[in-house]
2 protein chains.
Amino acid sequence: MNKKPSWAVIRRLPRYFRHLRELEALGEKKISSGNLAARMGLTASQVRQDFNCFGGFGQQGYGYNVGDLKRSIAEILGIDKPRRAIIAGAGNLGRALIRNFSFPRYQVELVAAFDVDPCLIGQEISGVPVLALTELERYLLENAIDIGLLTLPREFVLPVAMRMVAGGVRGLWNFTSMDLHLDLPNIPVENVHFSESLMVLSYQLENNEGINREF
Amino acid sequence: MNKKPSWAVIRRLPRYFRHLRELEALGEKKISSGNLAARMGLTASQVRQDFNCFGGFGQQGYGYNVGDLKRSIAEILGIDKPRRAIIAGAGNLGRALIRNFSFPRYQVELVAAFDVDPCLIGQEISGVPVLALTELERYLLENAIDIGLLTLPREFVLPVAMRMVAGGVRGLWNFTSMDLHLDLPNIPVENVHFSESLMVLSYQLENNEGINREF
C-alpha cells in the first residue's frame, strides 16, 4: 500500500466494485482508467490516484484487467472472506432485507433473525430462523457473529447494539433512523441514511441542469 | 452563489443538515466551523470552502447561527418546499418506508402507493391508499407528482419508472437492487445502494485501526 487511503477513497471502493461487476457481466476484459472514470463520473487522474493508494493495480498504458481489478478490490474490501451476520428486527424492513438483499454476493451468511413478536418467533423467513430477542446472548455465546443488522424500532437500537457488541459482534449495520455512534474504537458502525439520498434528489429537482455528478 | 458546487459538496449538504438538526435539538445556538467540522470528521477549512459555494452563510469569526444555517441549507436542498410523492411497490420495503420514514420532515407528502397484489389494493397503509398499478397513468393525469419511489421487484423497475416519467413525475428514488440510469437530462434518479455501506463496513472489519472517517 503506497499511501494510506482516505475515507473518501474507501467510500468510493464499493462503487468501483459495482461498476467492475457490471463490466464483467457485459463481457468486458480490459478497461482504461479514462473509460472507468467516465462511467463513474470521475477523472482518469482521480481513478489512478485512488488506485495508487493500493499499489496501482497494474499497467495504466494497457488498461486494467476487469476481472483481476474486481477481485483485488473485493479483497481490499474484505468481501472475499466468509462472514456471518444476524439481524435484530423482523418487521417490514428486516423481512425485505432477509428476502431480497443478496447477502451471498458479499460472502455474508445471514444465520438468524431476532424479534419480540410471538407470531414471528419460531418461523423461518427465506430459510432464516426467527428467534426470541431474549435468546440473543445465548446465541452469541454459541455462535461467532461478525455483523449485526439493526432493523428495529429506534428506541431499541442502542440497547440491542450494546448487547450485540457485548456478545462479540464485530460491526453493526444500522438501518434505523436513529444515528448510532458507539464510539468504541474497534466496532465500526455503518448508518444507512435514507434521508440523505432524498435530500440529494430534492436538490436535483431544484437545480436540474448542469450538475456534474462526480463522486 | 460564489462558485458552482461540486457533486461532492452537494452530497455533503444532507450531512450538514442532519448535524445542524441534531445541534438545534440539543439547544445549541452557535457553532464554529471548527466544531462543526470536528463533529463531521471534516476540517474547518473544508467546511468554510463548502459554504463558500453558497455565499459563506455569515461571519466565520463569530461562528454560525445554528438555526439560520440549518434553514439556509434546507432551502438550498429544496426541502423547505412541499412536494408530493407516490410509491410503486407496497411489499415489505415499501410498507417499511410508508410506515417509518419521516416524509413530513422533508416536506414530502406521500399521497398514494401502487401495487399489483389484489389483497393490498383498496387498503390503506398508515393513511396512504394502495391503488392498482394499472391506475398509475390515470392517477398521474389527475395529480401532479414530484417524486416517484420504486420499491418493486427489479424486473418492473424500468417499465414503471418510464411510466412515472411519462406521467410527469419529476424525479425517481430507487430502492431496488436494479441500478437505474434513465439518462434523461431533466429527470434525476437517486439509487439507494444498501450494498455500498455493507462493503464499507466489511472494509472496516478488515482495517479496524486508524481510519480517519472524513467525508
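The values are calculated or read from the model by the stated rules, or taken from the named source; none is laboratory data. What you see is a predicted model; the values in this text were computed from it and never measured. So basically every Cβ, Gly included, is an ideal-geometry build from the backbone, and we count neighbours across all protein chains shown.
Which strands (runs of 3 or more DSSP E) does region B:51-160 wholly contain that include 1 or more residues that are of a type in the set (D, E, K, R) and under 22 Å from A:R95 (Cα atoms)?
Once the strands (runs of 3 or more DSSP E) in region B:51-160 are filtered for at least 1 residues that are of a type in the set (D, E, K, R) and under 22 Å from A:R95 (Cα atoms), what remains is B:108-115.
Condition first: of a type outside the set (A, V, I, L, M, F, W, C) and buried (at least 19 other Cβ atoms within 10 Å of the Cβ). Now tell me which residues in region A:101-138 satisfy that.
A:Y106, A:D115
Please state which of the following conditions B:L97 fails to meet, knowing it meets all the rest: (1) out of contact with any Lys or Arg (no Cβ under 7 Å at 6 or more places or on another chain); (2) in contact (Cβ under 8 Å) with a residue 40 or more places away in the chain; (3) more than 10 Å from chain A (Cβ to nearest Cβ); (4) buried (at least 16 other Cβ atoms within 10 Å of the Cβ).
(3)
Please find, within region A:168-184, the residue that is modelled with the highest pLDDT out of those that are surrounded by fewer than 19 Cβ atoms within 10 Å (Cβ to Cβ) and of a type outside the set (D, E, K, R).
A:G168
Quick one: would you say A:S72 is under 30 Å from A:V47 (Cβ atoms) and buried (at least 18 other Cβ atoms within 10 Å of the Cβ)?
yes
Looking at region A:185-204, can you tell me whether even one residue there is crowded, with 18+ Cβ neighbours inside 10 Å, farther than 24 Å from B:A8 by Cα, of a type in the set (V, I, T) and touching a residue at least 24 places away in the same chain (Cβ under 8 Å)?
no
Need pairs with beta-carbon distance below 7 Å; first residue in a helix (DSSP H, G or I) and within region A:27-38, second of a type in the set (S, T, N, Q) and at pLDDT below 95; sequence gap 6+ or separate chains.
A:S33/A:Q60; A:A37/A:T43; A:A37/A:Q46
Listed here are the residues, each with its yes/no results for (1) touching an Asp or Glu at 6+ places or on another chain (Cβ under 8 Å); (2) at pLDDT 95 or above.
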position	(1), (2)
A:R105	no, no
A:F114	yes, yes
A:Q123	no, yes
A:V128	no, yes
A:L136	no, yes
A:M162	no, yes
A:N186	yes, no
